[in-house]
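Structure record follows, encoded as structure tokens.
The values are calculated or read from the model by the stated rules, or taken from the named source; none is laboratory data. What you see is a predicted model, and the numbers here were worked out from it, not measured in a lab. All Cβ positions, even for glycine, are placed from backbone atoms using ideal geometry, and neighbour counts span all protein chains on display.
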Amino acid sequence: MTAPRIVVLGVGNLLMADEGLGVRCVERLAGDARLPQFVRLVDGGTSTHELLEDLEDLDGLVIVDAVVTGAPPGTVVRLEGNEVPFAFSHKLSPHQHGINDLLATLTLLGRAPRQVVLLGVVPVSLTLSMELSTEVEALMPGLVTRVTEEVRRLVGG
């Protein structure tokens, strides 16, 4: 049996405090023994269409990013399927519009991931800083755990 094709994609701008939380999460997941070895971690930064090949024909895609949902800052959010593009329509950064375009392109090509989940956090700070806010930093261990749990759910374990 072939291992499922699963990608955890961390996106965001590391120069804007909590906007970089997706990338920071993927950095912390590297070497995490809870993730199956076949899971690919991708630091998407602020890239978009450069990621096309990385995301084609996946069994599952977990995107980690800062999101604006109307929930209070510091809220952890889980969205899936058709809810994901809606979350990226409330842009914090230009890469989010690009992620929507990327997912739409994959769908148009018939190569979209079979399951897409967004795990996000409503940012506390978007100031010019390479550090996460204290509040979001405190959430990171739980977010890493939620990503590993989501991957286990995607692979049926």
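Are any of the residues in the stretch 37-52 closer than 14 Å to Gly120 by Cα, in a strand (DSSP E or B) and touching a helix residue (DSSP H, G or I) at 6+ places or on another chain (Cβ under 9 Å)?
no
Does any residue of the stretch 8-24 turn out to be touching a Phe, Trp or Tyr at 6+ places or on another chain (Cβ under 9 Å) and not in a strand (DSSP E or B)?
Looking for residues that are touching a Phe, Trp or Tyr at 6+ places or on another chain (Cβ under 9 Å) and not in a strand (DSSP E or B), one finds none in the stretch 8-24, hence no.
Let me confirm something: among Leu51, Leu14, which residue is farther than 26 Å from Ser133 by Cα and modelled with pLDDT under 95?
Leu51 is the lone residue from the list that is farther than 26 Å from Ser133 by Cα and modelled with pLDDT under 95.
It is to be established whether one or more residues within the stretch 137-156 are of a type in the set (D, E, K, R), on the phi < 0 side of the Ramachandran plot, crowded, with 17+ Cβ neighbours inside 10 Å and at pLDDT below 95.
No, the stretch 137-156 contains no residue that is of a type in the set (D, E, K, R), on the phi < 0 side of the Ramachandran plot, crowded, with 17+ Cβ neighbours inside 10 Å and at pLDDT below 95.
Here's the yes/no breakdown for (1) surrounded by 14 or more Cβ atoms within 10 Å (Cβ to Cβ); (2) over 19 Å from Gln115 (Cβ atoms); (3) without any contact (Cβ under 8 Å) to a residue 60 or more places away in the chain:
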residue: Glu19; (1), (2), (3): yes, yes, no
residue: Val26; (1), (2), (3): yes, no, yes
residue: Val42; (1), (2), (3): yes, no, yes
residue: Gly45; (1), (2), (3): yes, yes, yes
residue: Leu55; (1), (2), (3): yes, no, yes
residue: Ile63; (1), (2), (3): yes, no, yes
residue: Glu83; (1), (2), (3): yes, no, yes
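Looking at the stretch 114-129, is at least one residue in contact with a helix residue (DSSP H, G or I) (Cβ under 8 Å, 6 or more places away or on another chain) and farther than 19 Å from Gly12 by Cβ?
Checked against the condition, which is being in contact with a helix residue (DSSP H, G or I) (Cβ under 8 Å, 6 or more places away or on another chain) and farther than 19 Å from Gly12 by Cβ, the stretch 114-129 yields at least one hit.
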